[in-house]
Amino acid sequence: MNKGEVPADVRRFILTSIPSVPYPEAVLLMRAEPEGTRDAARLARRLYVGDRTAVDLIGLLTAGGVATAEPAGAAVRYAPQPELRSLIERVAEAYATDLVAVTDLIHSRIDKRAQQFADAFRFRKE
């Protein structure tokens with residue numbers, strides 16, 4: 001992968017499935033230690049995010065098929081659905097190769113949602 005070029009399937013995944021920059025960071029952290037478990041407090045400390053953000057991330061990771069909840073329900077472990085495993089590997093490669101391009105894509109998605117929200121409150125002449 002060349003710098004500044006994110007493969008089309010990875011680009012599509014980022015734009016449709018990655019809600020924030022801490023999300024892929026959580027995925028990559030869990031991927032690095034696939035046998036380990038993460039609770040919200042540990043995830044928050046490792047990613048330098050608030051506890052509420054970490055709780056939300058855990059919910060998103062399980063709902064997105066990237067992680068599975070441990071029986072007690074307070075922690076998750078890396079267990080991507082089979083169809084996601086190779087795509088996550090490609091996202092990891094893109095993230096390692098060109099962090100700026102990947103985070104720019106994530107931010108463009110966030111910026112677009114913010115603009116759509118703002119547009120919903122714009123007064124229009126009818």
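Values quoted throughout were computed directly from the atomic coordinates according to the rules given, and no laboratory measurement underlies them. Every value quoted in this text rests on a predicted model; they were computed, and no experiment measured them. When we count neighbours, we look across all protein chains shown, and the Cβ atoms used for this are built from the backbone with ideal geometry, even at glycine.
Odds and ends about this structure:
- Annotation for the range 1-72: GluC sites (Glu not before Pro) lying in DSSP loop with at most 15 further Cβ atoms inside 10 Å of their Cβ are Glu5, Glu35.
- Column: log10 I(q)/I(0), Debye, Cα scatterers of the range 1-62, q = 0.23, 0.24 Å⁻¹: -0.95, -0.99
- Whole-angstrom gap from the range 81-106 to the range 16-42, using each part's C-alpha centre: 13 Å
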